[in-house]
C-alpha cells in the first residue's frame with residue numbers, strides 16, 4: 001500500500017531509552033558491557049516507525065528528534081516535503097510532542113535551541129552561564145505565558161493545515177499525540193487515539209514504559225519494545241479502517 005513511511009516526532013517516536021547501553025544490555029540479556037553503537041542501531045530498528053515499515057513491508061525513515069518541540073516537528077515536515085517531487089506512495093506519521101516545549105532562536109549565542117526542562121543541568125542549558133537568561137526566560141514563559149488550551153488550539157490549526165497541504169501533493173498522513181487530556185484531539189481519518197486516550201496516558205495505563213519493566217531498574221518513561229510494537233499495530237489498524 002505504501003512505498004515509504006516517514007516519521008516526524010520526538011524521542012517517544014525515535015525509540016528513546018533503547019539507546020541506553022545499560023537498558024540495551026538488560027533487554028538483550030548481554031553478559032558483556034553493551035556497546036553504544038550497537039545500542040543506537042538497536043533503537044533505530046525497534047521503534048514504532050520501524051515496526052510499521054515491517055507490517056507494510058516497505059521502506060521507512062524515522063526523522064524524530066529527542067526533545068523536539070512541536071513547532072520544530074512541523075518545520076521539519078515542511079522542510080522535508082516542500083518543493084520535492086513526489087514519485088512514491090508515502091505515508092507521513094506525525095507525532096505531537098509535549099505542549100510546553102519551545103523551539104527558539106537565542107540571540108546571545110546565535111543558535112536555535114530546544115527548550116524542554118527547567119532543570120538547569122540538562123540540555124540545552126548544561127549548567128552553562130551563557131544560558132542563564134534563556135533559562136529565566138523559559139521559567140517565566142511557563143509561569144506567566146504558557147496556556148495549554150491556547151497551545152492545543154494552535155496545534156489543531158497546524159495539523160489541519162499540514163494535512164490539507166500534504167494530501168494536496170499526494171502524501172497520506174496520520175497524526176497522534178503523546179501529550180494531551182482524553183478530551184483533547186478527536187479521532188478521525190487522519191488522527192488516531194488509543195482506546196480513547198492520547199499516547200502518553202495509554203502507555204502509562206497499560207504499563208508499556210521502560211520504567212514498568214522491574215528488571216530494567218530504570219525511571220525511564222519512554223516506551224518498551226512491546227509498547228512500540230503495539231503502537232505500530234494500532235496505527236495499522238486505524239489506517240486499514242480509515243485510509
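Highest mobility in the GNM of the chain, judged by mean-square fluctuation with C-alpha springs under 10 Å and restricted to 182, 69, 214, is found for 214. Bridges between two residues of the chain, per DSSP, are antiparallel at a rate of about 35%.
Any number yet on Rg/Rh for segment 100-201, C-alpha, Kirkwood?
Computed over Cα atoms, the ratio is 1.06.
Potential lengthening of the chain between residue 83 and residue 40 amounts to 12.3 nm, from the contour at 0.36 nm per residue minus the alpha-carbon distance. Against the empirical curve 2.2 N^0.38 Å, the C-alpha radius of gyration of segment 3-103 lands at a ratio of 1.20. Name all residues of segment 39-55 having a backbone nitrogen under 19 Å from the label point set 7 Å from the Cα of residue 30 along its Cα→Cβ direction, giving them as ranges. So the set is 39-47.
For the pair residue 1 and residue 112, what calculated FRET efficiency results from E = 1/(1 + (r/R0)^6), where r is the Cβ-Cβ distance and R0 = 51 Å, to the nearest 0.05?
The calculated FRET efficiency here is 0.90.
The alpha carbon centroids of segment 148-169 and segment 79-120 are separated by 14 Å. Solvent-free Debye calculation, one equal scatterer per alpha-carbon of segment 168-243: log10 I(q)/I(0) at 0.27 Å⁻¹ equals -1.25. Pairs of C-alpha atoms in segment 45-140 farther apart than 16 Å represent 64 percent of all such pairs.
At an R0 of 41 angstrom, the distance between the Cβ atoms of residue 169 and residue 149 translates into a FRET efficiency of 0.85. Note on residue 181 and residue 59: with the Förster distance fixed at 45 Å, the Cβ-Cβ geometry gives a FRET efficiency of about 0.80.
Going from the residue with the fewest nearby Cβ atoms within 10 Å to the one with the most, 104, 30 rank 30, 104.
Throughout, read-outs are computed from the coordinates displayed, never taken from laboratory work. Keep in mind that this is a model prediction, so the values were computed, not measured. We place every Cβ from the backbone using ideal geometry, glycine too, and count neighbours over all the protein chains shown.
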